[in-house]
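Below: the structure, in C-alpha cells.
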Amino acid sequence: LGPFPLSRKICDDALEHVLALYRELRAVSSVRAQTPEEARKHNAALRAMMRERDNYFADIEAAARTALAAVSYDGDGHLTARVIDDVAAHFGFRVIAVPHLPSALRSLADLRNGRLFVHERERVGTLLSRSIVAQSLGHFALGHGEPASFREFLQQRVEANYFAGALLVPESAAVDYLRRAQDAHDLCLEDLADHFFVPYETAAHRFTHLATHH
C-alpha cells in the first residue's frame with residue numbers, strides 16, 4: 001500500500017477506522033511475533049508466581065463463591081446445566097449452542113446482545129461445554145480487558161481456567177469431599193472428577209489448588 005492521502009474530504013470517522021485497524025494489527029502482530037524463547041520466559045515467570053502462592057488464588061476462589069452465591073447454589077456434587085445457565089445469566093449472558101462456529105473457536109461472546117455461543121456438538125450441560133462456558137465467564141468475572149502483552153494474555157488464560165475449576169469444583173465442597181476420602185484412605189482423582197462431573201484435568205488442577213492450602 002502506498003501512502004494514505006489526506007484531504008479535507010476525509011471525515012474523522014474514516015480516520016478513526018484507519019487508526020483502530022492499525023492498532024489492532026499492531027497488537028495481533030505483537031502476539032504473533034513472540035518467539036518460543038519469549039513464551040518459555042513468560043511461562044516460567046507465571047509458574048514462579050503460582051509456586052509462591054502455593055497455586056492457590058484466594059481472590060479467584062472468592063469470585064467463584066460470589067458467583068455461586070448469586071444463583072443460590074450451596075450444595076455438593078456437580079453443577080447442573082440449569083445452574084450453569086443461571087451463572088451465565090448472572091454475568092449477563094444467555095448460552096446458545098449453534099452449528100456454525102469455526103472449529104478452532106471454543107466460544108464466542110456477543111457483548112452487545114449478551115449471548116455466549118458454543119458449538120452445538122458440545123451440547124449445553126455436557127462435560128466439555130460446562131468447562132468452556134465456565135472458562136469464558138471467568139474473563140468477565142475477573143474483569144479481564146484486552147491483554148496489553150503476551151504475558152498478560154497467558155496470565156488471563158491461567159486465571160480464567162482457575163475460575164472455571166473453582167466454579168465447577170467449589171472449594172468448600174471439594175475440601176470436604178477430599179478430607180472424607182483421605183480419612184477413608186481412598187483418595188482418587190478419577191472419583192473427584194466423577195463426583196463433580198468434570199474432566200480429569202480439571203480435577204487434577206483443583207487438587208493442586210487445594211491440597212497445599214488446606
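Just one of (1) surrounded by 14 or more Cβ atoms within 10 Å (Cβ to Cβ); (2) not in a helix (DSSP H, G or I) fails for ILE84. It is (2). On inspection, ALA166 qualifies as crowded, with 17+ Cβ neighbours inside 10 Å and closer than 22 Å to TYR56 by Cβ.
If you go through region 188-214 and keep only what is open to solvent by 40 Å² or more (accessible area, probe 1.4 Å) and either more than 18 Å from ASN55 (Cβ to Cβ) or among the basic types (Lys, Arg) (or both), you end up with CYS188, GLU190, ASP191, ASP194, HIS195, PHE197. Taking each residue of region 100-117 that is closer than 15 Å to ARG130 by Cα and looking for partners that are among the acidic types (Asp, Glu) and part of a strand (DSSP E or B) with beta-carbon atoms closer than 8 Å, six or more apart or interchain, yields LEU116/ASP110; PHE117/ASP110. Checked against the criterion of being under 16 Å from the mean Cα position of the chain (by Cα) and over 25 Å from ALA203 (Cβ atoms), the candidates PHE57, PHE93 yield just one match: PHE93. The residue that is farthest from TYR56 (Cα to Cα), among those in region 169-184 that are of a type outside the set (A, V, I, L, M) and surrounded by fewer than 17 Cβ atoms within 10 Å (Cβ to Cβ), is ASP183. Of the candidates ALA109, ALA104, the single residue that is under 24 Å from VAL28 (Cα atoms), assigned to a strand (DSSP E or B) and out of contact with any His (no Cβ under 6 Å at 6 or more places or on another chain) is ALA109.
For region 91-106, the set of residues classified as modelled with pLDDT under 90 and either crowded, with 16+ Cβ neighbours inside 10 Å or of a type outside the set (S, T, N, Q) (or both) consists of ALA97, VAL98, PRO99, HIS100, LEU101, PRO102, ALA104, LEU105, ARG106, listed by residue number.
ARG157: surrounded by 16 or more Cβ atoms within 10 Å (Cβ to Cβ) and in contact (Cβ under 8 Å) with a residue 40 or more places away in the chain, yes or no? So ARG157 fails the test.
The values are calculated or read from the model by the stated rules, or taken from the named source; none is laboratory data. Everything quoted here is computed from the prediction, not taken from an experiment. Neighbour counts run over all protein chains shown; Cβ positions are idealised from the backbone, glycine included. To get the accessible areas, we keep the full protein, side chains included, count just its heavy atoms, and leave off ligands, DNA and RNA. Shrake-Rupley method; radii C 1.70, N 1.55, O 1.52, S 1.80 Å.
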